[in-house]
Amino acid sequence: MRSYFGLLLLSLLSPIADEAKPAQVSLPKPLALEMSLGDALRARSSTRAFDPARKLAREELGTILWAASGITRPDPAHPQGGKRTAPAAFEAYVIDVLVTSEEGTFLYSPKDHVLVPHATAGKKDLRAEIPRTGWLKDAPVLVMLVANLDRYPAQVRAERRRDYSHADAAVIGENIYLAAAALKLGTVLTADAKPEAGGLLGLNENQRIVFILPVGHANAEAAK
Ligand SMILES: Cc1cc2nc3c(=O)[nH]c(=O)nc-3n(C[C@H](O)[C@H](O)[C@H](O)COP(=O)(O)O)c2cc1C
């Protein structure tokens, strides 16, 4: 009898548990990005007005994330799956690439090229809550570059960790700018996280949102 009620309880609870936890999202193979590097550099610019009605295709999002921090030299012996599109101080890869959108909040896993539901934020769309500035939330996706300073090797002094993390995040930011230019999408690198935003992502004192990049289609009319 007891096991019957145990099973009944489990079957009642499981749909609730599944409902609360968004599923892992697989991403398609990154697009080829065929614009020449010279043209991408010329086209790169900051966009601050987005068309809220135009979503990103999954191919576009996957390509932006791969350009940000995707693996280019897979190595099964490497603790993080291999080396990446962006250089990283001490090869420590301290920057996590997170995205928040109407689908929820996810961590990009370079190793598997998938989006993993964020442990704390889960199904929450944090576009209106993380940035200080209102217009960022018009973009369909916010990419957040989150540093985990604990990942630097022990010999790196505490005061240098912050400096390195900004450089690590900036090179990723430029990759996102160039990929967005090649895909004819808009973006801008901002240091716009609210001071309290880390709490929404469950960050500890050695983790911080270094930059936020909204990504979407530019609203050409609003930009005039
Ligand atoms: C480290 C850094 C921080 C920035 N922070 C912001 C920001 O908080 N808000 C913003 O709108 N733009 C920000 N920008 C974008 C610059 O304002 C922009 O790159 C500059 O105006 C030149 O314009 P362009 O990117 O179109 O060439 C930042 C750029 C960098 C490199």
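The values are calculated or read from the model by the stated rules, or taken from the named source; none is laboratory data. Small disclaimer: the values here were computed from a predicted structure and weren't measured. Note: ideal-geometry Cβ built from the backbone for every residue, glycine included; neighbour counts use all protein chains shown.
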Query raised in the report: Which pairs have Cβ atoms under 9 Å, sit 6 or more apart or on different chains, and link a residue in the range 186-211 that is at positive phi to one that is outside any strand (DSSP E or B) and surrounded by 15 or more Cβ atoms within 10 Å (Cβ to Cβ)?
Result: G202/H118; G202/A121
Requested in this report: Write out, first by first residue and then by second, each pair whose Cβ atoms fall under 8 Å of each other, whose residues are 6+ apart or on separate chains, and whose first residue, in the range 24-37, is of a type in the set (D, E) while the second is modelled with pLDDT of 95 or more and outside any loop (DSSP other than H, G, I, E, B).
Outcome: E34/A182
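Residues checked against (1) of a type outside the set (A, V, I, L, M); (2) within 23 Å of F90 (Cβ to Cβ):
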position	(1), (2)
A154	no, yes
Y177	yes, no
A182	no, no
Q207	yes, yes
E221	yes, no
Query raised in the report: Say we look at the range 40-64 and pick out the residues that are within 18 Å of L145 (Cβ to Cβ), in contact with a helix residue (DSSP H, G or I) (Cβ under 9 Å, 6 or more places away or on another chain) and not in a loop (DSSP other than H, G, I, E, B); which of these is nearest to the ligand (Cβ to nearest atom)?
Result: I64
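Residues checked against (1) farther than 15 Å from A197 by Cα; (2) acidic (D, E); (3) within 16 Å of the ligand (Cβ to nearest atom):
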site	(1), (2), (3)
I95	yes, no, yes
E103	yes, yes, no
K111	yes, no, no
P117	yes, no, no
K123	yes, no, no
A128	no, no, no
V156	yes, no, no
R160	yes, no, no
Query raised in the report: Taking strands (runs of 3 or more DSSP E) that do not extend beyond the range 86-146, which have at least 2 residues that are more than 17 Å from K55 (Cβ to Cβ) and free of Cβ contacts under 8 Å to residues at least 24 places away in the same chain?
Result: 104-109
Requested in this report: Assess whether A67 counts as being within 16 Å of the ligand (Cβ to nearest atom), aliphatic (A, V, I, L, M), modelled with pLDDT of 90 or more and surrounded by 10 or more Cβ atoms within 10 Å (Cβ to Cβ).
Outcome: no
Report summary line: Within the range 202-217, residues more than 16 Å from the ligand (Cβ to nearest atom) and either buried (at least 24 other Cβ atoms within 10 Å of the Cβ) or assigned to a strand (DSSP E or B) (or both) come out as Q207
Requested in this report: State whether the residues of the range 163-183 include one that is assigned to a loop (DSSP other than H, G, I, E, B) and over 14 Å from the mean Cα position of the chain (by Cα).
Outcome: no
Report task. With respect to A191, determine if the residue is under 18 Å from the mean Cα position of the chain (by Cα), of a type in the set (A, V, I, L, M), under 30 Å from A32 (Cβ atoms) and modelled with pLDDT of 95 or more. Result -> no
Report task. State which residue is nearest to A167 (Cα to Cα) when the search covers only the range 131-144 and only residues that are away from the ligand (no atom under 11 Å from the Cβ) and buried (at least 22 other Cβ atoms within 10 Å of the Cβ). Result -> M144
Report task. Output the residues belonging to the range 184-193 that are within 12 Å of the ligand (Cβ to nearest atom), part of a loop (DSSP other than H, G, I, E, B) and surrounded by fewer than 20 Cβ atoms within 10 Å (Cβ to Cβ). Result -> A191, D192
